[in-house]
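Enquirer: Structure provided below as structure tokens; questions to follow.
The values are calculated or read from the model by the stated rules, or taken from the named source; none is laboratory data. Note that the coordinates shown come from a computational prediction; the quantities given were computed from them, not determined experimentally. Cβ placement follows ideal geometry from the backbone for every residue including glycine, while neighbour counts extend to all protein chains displayed. All accessible areas refer to the heavy atoms of the entire protein, side chains included, with ligands and DNA or RNA removed. Shrake-Rupley method; radii C 1.70, N 1.55, O 1.52, S 1.80 Å.
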Amino acid sequence: GENVEQHPSTLSVQEGDSAVIKCTYSDSASNYFPWYKQELGKRPQLIIDIRSNVGEKKDQRIAVTLNKTAKHFSLHITETQPEDSAVYFCAASNSGYSTLTFGKGTMLLVSP
Amino acid sequence: EAGVTQFPSHSVIEKGQTVTLRCDPISGHDNLYWYRRVMGKEIKFLLHFVKESKQDESGMPNNRFLAERTGGTYSTLKVQPAELEDSGVYFCASSPNLSGSAQYFGPGTRLTVL
């Protein structure tokens, strides 16, 4: 089955800095890669996703890149703000089996 | 549009008792998923419904867990009898179709088994 590794487990940055979270996956058949943000006590919220026919996708301060050959994908947050502080999860799925396999999460702390 | 809702938000029970969790998906979403996050670990898949049918239940840990989705609307997840290792946050998610579309999560039910 699919295995998703996520690094780092914690990440502390100063407000305004960039943050990068990296994930690798094992199943070459995976073709959908969402990122979720979970603030304390709240639901995981989808913030961006990418499909395997695309190498990069951006949405304002957030971008995701995908390298299918290396089987890794990354989340980039620019100009971080304190409200970006949360746990971020990457996930992967095969569209034929749409269940998500998650990484262990990255706790991002943005200090003012 | 109302999001995925779950009830209760918290449940504290003793080992050996029974607990039933409920999930109401987004209206019109045929796909309903149950996931669980044990303290400090990743969110793990439990079960997937397409309408009222179980599409994939490979993540269900054992036969103490029973999930139903009668009528293809809301779903229940029953744990009977509960064990200490069942503690964690149980999330429900829904999506409108099968092909890798976005899954929208509920707020979760935090289950504590004492």
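Enquirer: Enter the mean number of other protein chain beta carbons within 10 Å of the beta carbon of each residue in B:68-81, as an integer. Could you put the intermediate results ahead of the total?
Expert: Working: counts 0, 0, 0, 0, 0, 0, 0, 0, 0, 0, 0, 0, 0, 0.
That average works out to 0.
Enquirer: Please report the carbon-and-sulfur percent of the accessible area for chain A; probe 1.4 Å, protein heavy atoms only, DNA, RNA and ligands left out.
Expert: Values: 2650 of 5620 Å².
Roughly 47 percent, rounded to a whole number.
Enquirer: Rounded to the nearest 0.05, what FRET efficiency do A:Lys58 and A:Glu15 have when you use their Cβ-Cβ distance and R0 = 25 Å?
Expert: Details: r = 21 Å, r/R0 = 0.83.
That gives a FRET efficiency of 0.75.
Enquirer: Let me ask something else. Only sites in a loop by DSSP and with at most 11 other Cβ atoms within 10 Å count here; which chymotrypsin sites (Phe, Trp or Tyr not before Pro) in region A:14-75 make the cut?
Expert: On the way: sites: A:Tyr25, A:Tyr32, A:Trp35, A:Tyr36, A:Phe73; in loops: none.
Here no chymotrypsin sites (Phe, Trp or Tyr not before Pro) fit, given the DSSP loop and packing criteria.
Enquirer: Next up: For the interface of B with A, what's the total buried accessible surface in square angstrom, probe 1.4 angstrom, rounded to the nearest hundred? Please report the intermediate quantities before stating the final value.
Expert: Numbers: alone 6360 and 6500 Å², together 11180 Å².
Answer for the B-A pair: about 1700 Å² buried.
Enquirer: Give the shape of the protein assembly as shown as rounded, prolate or oblate, defined through the alpha-carbon gyration tensor: a ≥ b ≥ c are the square roots of its eigenvalues, a/c under 1.5 means rounded, and otherwise the shape is prolate if a/b is larger than b/c and oblate if not. Mind dumping the intermediate values first?
Expert: Working: a/c = 1.88, a/b = 1.44, b/c = 1.31.
Here the protein assembly as shown falls in the prolate category.
Enquirer: With both partners inside chain A, how many of the DSSP beta bridges are antiparallel, as a percent to the nearest 5? Display every interim value, and only then the final one.
Expert: Numbers: 37 of 42 bridges.
Taking every DSSP beta bridge within chain A, about 90 percent pair in antiparallel fashion.
Enquirer: Could you pull out the longest piece of chain A with no exposed loop GluC sites (Glu not before Pro) in it, calling a site exposed if DSSP puts it outside H, G, I, E, B and it has at most 14 other Cβ atoms within 10 Å?
Expert: Values: sites that count: A:Glu15, A:Glu39, A:Glu79.
With a cap of 14 other Cβ atoms within 10 Å, the longest stretch comes to A:40-78.
Enquirer: Also: Looking at chain A from every direction and averaging, what is the projected area of its Cα convex hull in nm²?
Expert: 6.5
Enquirer: In straight Cα distance, which aspartates and glutamates are under 15 Å from B:Lys41, not counting same-chain residues fewer than 8 positions off?
Expert: A:Glu5, B:Glu85, B:Asp86
Enquirer: Can you tell me the length gained on complete extension of the stretch B:Ser9 to B:Thr76, counting 0.36 nm per residue apart and subtracting the Cα distance? Before the final figure, lay out the partial values.
Expert: Values: separation 67, 0.36 × 67 = 24.12 nm, distance 1.38 nm.
Working it through step by step, the gained length comes to 22.7 nm.
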